[in-house]
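*Asks:* Below is one structure. I have some questions about it.
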Amino acid sequence: MAKIQIEDGRVAKPFTVGWDPMDGVMDDPDNHIQRFLSKLTGMFYDREAAERHLRQHGDVLLYEVYEKKIPEADGELQFCSSITHPGKIGDEYFMTKGHFHARRDTAEVYYTIRGTGYMLMETEDGSQFELGEMLPGRTVYVPPYWAHRSINIGDEPLISLPVYPGDAGHDYGSIETAGFKHVVVERGGKPAVIENPRYGRMNEE
Ligand code: F6R
Ligand code: ZN
């Protein structure tokens, strides 16, 4: 298959890319991001459970992303293979960091290929939130201005195809410091939403 070529670092040529729907591994990616627990203990509401998990199970891989290099320009579309692994920290499911788009007025769609989960979406002041079902064949629409995070509630990898504007960018700042106001936990064998007891102070020890 044709390889991506970027002319002048700005305009992409047409290309195709394949990936394995079972493990989400992309053929010939330009970038492979892996996020491990040791760097993200502070993102879970039960930080002690995260430290304990790290001691007992080592530095587990929470999620990963494979992507092609596409110009970060208006009119382009970014896409990737997003893989959130199954597991829990205490009673909170494995999830992505989550972010706002640096350009707030940009939307995103996520098409789920494998697994079961939720897209947690929140407005900037945390006053509104929504859970979008992530199931094979379903698409979640994330409107502009909403923070979003994928959460794996099943026992297989949650693999999705996010597509978003070329110049959307990522803003992790407020998620790292304030967090999401809501978290998805397992209660009585089922997912439940609770308020984040560390909302507003995720970066405190
Ligand atoms: C891009 C997007 C996804 C995520 C990916 C990893 O706007 O929403 O491609 O970047 O699922 O999650 P984060 O970026 O939260 O680490
Ligand atoms: Zn996004």
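*Asks:* Count of lysine pairs in the chain with Cα atoms under 19 Å apart, counting only pairs 8 or more residues apart in sequence or on different chains?
*Replies:* Number of lysine pairs found: 11.
*Asks:* What is the mean projected area of the alpha carbon convex hull for region 29-195, to one decimal in square nanometres?
*Replies:* That works out to 9.3 nm².
*Asks:* Given the options Gly132, Gly188, Gly58, which has the most mean-square fluctuation in a GNM of the chain, springs set between C-alpha atoms less than 10 angstrom apart?
*Replies:* Judging by the Gaussian network model, the answer is Gly188.
*Asks:* Helix 47-57 against the longest principal axis of the chain: what's the angle in degrees, Cα atoms only, rounded to the nearest 10?
*Replies:* Value to nearest ten degrees: 70.
*Asks:* Given N residues in region 72-171, what is its alpha carbon radius of gyration divided by 2.2 N^0.38 Å?
*Replies:* 1.04
*Asks:* Can you give me the % of accessible surface on the chain that is carbon or sulfur? Probe 1.4 Å, all protein chains present, nothing else counted.
*Replies:* 49 percent
*Asks:* Continuing with this model, one more query. Return the Rg/Rh value of region 147-202, two decimal places, where both radii are evaluated on C-alpha atoms and Rh is the Kirkwood radius. Before the final figure, lay out the partial values.
*Replies:* Working: Rg = 14.0 Å, Rh = 13.6 Å.
With Rh from the inverse mean 1/r over Cα pairs, Rg/Rh is 1.03.
*Asks:* Between His32 and Asn203, what is the label-to-label distance in nm when each label sits 7 Å out along the Cα-to-Cβ direction?
*Replies:* Rounded to a tenth, the inter-label distance reads 3.2 nm.
*Asks:* Would you mind working out the accessible area per residue for the chain, using a 1.4 Å probe, and quoting it in Å²?
*Replies:* Roughly 50 Å² per residue, with all protein chains present.
*Asks:* Cα centroid distance between region 135-205 and region 43-99, in Å?
*Replies:* Here the answer is 10 Å between Cα centres.
The values are calculated or read from the model by the stated rules, or taken from the named source; none is laboratory data. In this text the structure is predicted, and so the values were computed from the model without any measurement. Note that each Cβ is placed from the backbone with ideal geometry, even for glycine, and that neighbours are counted across all protein chains shown. Please note that ligands, DNA and RNA were not included when accessible areas were found on the heavy atoms of the full protein model with its side chains. Shrake-Rupley method; radii C 1.70, N 1.55, O 1.52, S 1.80 Å.
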